[in-house]
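Quick note: the coordinates plus some simple rules give every number you see, no bench work behind them. Note that the coordinates shown come from a computational prediction; the quantities given were computed from them, not determined experimentally. Cβ sites come from the backbone with ideal geometry, for glycine too, and all protein chains shown count toward neighbours.
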Amino acid sequence: MFTSAVTDLGQLAHIAPLGEIQGARAYSSHTFLFNASAAPVPVKAPAAIEVYNVVYAGVDYAIEARVNCNVFISFGHITAPAGELVAIAQGSHVGFDPNAPATVTYAAGALMGSTTGAVPSRAWDLGVYNTARTLALLNPLRGTNHEKLLHSTCPYDYYAEPLKGQHYELFGPKPRVLAATCRSAARSVVGTIAGAWFANAADREDSFANPVISPVTIGSDLHGGVRHVIGNGSIFLFEGVPLPESVTTAQCYPTNPGYSYFKLASNTELHFVRSSTGNCPATFPASGCQVYRR
């Protein structure tokens, strides 16, 4: 379905596939393209698309487009969209609307602008959503009213070879240690501590009752490291430690200072202790435990 790369692939450092752990959310329903330098890279239409909405966020732009009545595509952190897109920008997202009037159309490979990405990461977003497919969550309630999560698909699986393989080869961070997979927006793995855990039964992906402590998210990256976030806090990065997808009982991760200790109570319940001081204890602490659930 896609016949053109969305940019000059040689100008990318790497692509982070679906589900990359980040702060202030449980799941990542789009991929991240990291520019190799501060220079702008071109942004191109991967197929014939109809743009029906452009959002200006005060710093950069988001573009919402339609490939057909089921497949939608979004670009985020576009710093210099084409003039015809800037002219129609406004302040609100529309979502997936197969009937929204097309304001701008592009052929496959057409230039839509350029971007230097977000500051300071130099990353920009590419998401593809298929309303004919629905992501299966371990707890479907977490995805209530979140259509981007539920309909997220891998953008690079819409390409035939050799373009598909060229995109997969860029998966990272680099050097890539784990297999080049596009993953899923939902990273929870049954029987392990990996994925998203919530402090409140009513928490949804787009609405958390207490974002200071919920969700607790942990998972590996393709570099072979571990990424861990508590609520909307900073991300912790670990190297040379057990991957969460392989931890079936308990594991402590040093955050220097402090630690995060995970203990799997069942497939749906996690016991979690967070300390901002000290080192990992030899056994799971007898106090300070917070219960989280899928």
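General observations
- Taking Cβ separations below 4.7 Å as the criterion for a possible disulfide partner, the isolated cysteines in the chain are C69, C289.
- Convex hull projection area averaged over all views, region 102-164, Cα basis, nm²: 7.3
- Overall form of region 134-188: oblate. Here a/c, set by the Cα gyration tensor axes a ≥ b ≥ c, is 1.5 or more, and a/b is not larger than b/c.
- Site pair A89 and A160 shows an inter-label distance of 3.6 nm when each label is modelled 7 Å from Cα along Cα→Cβ.
- Dimensionless Rg ratio for region 178-294, taking C-alpha atoms and the 2.2 N^0.38 Å reference: 1.00
- The sum of -39500 (n - 2.57) across all DSSP H runs of n ≥ 4, divided by the residue count of the chain, sets its helix-only mean residue ellipticity at 222 nm to -1000 deg cm²/dmol.
- Counted by neighbouring Cβ atoms within 10 Å, the residues V51, V241, V291, V273 run from fewest to most as V291, V241, V273, V51.
- The candidate values are [x] 22.1; [y] 21.6; [z] 20.0; the one derived from this structure for Kirkwood radius over Cα pairs in Å carries the label [z].
- Of the trypsin sites (Lys or Arg not before Pro) found in region 94-199, those that fall in a DSSP loop while having at most 15 other beta-carbon atoms within 10 Å are R133.
- Extension gain from A110 to L141, taking 0.36 nm per residue of separation minus the Cα-Cα distance: 7.2 nm
- Under the Debye formula (equal points on every Cα, no solvent term), log10 I(q)/I(0) of region 1-76 at q = 0.14 Å⁻¹: -0.55
- For region 8-41 versus region 210-229, the inter-centroid distance based on Cα atoms is 17 Å.
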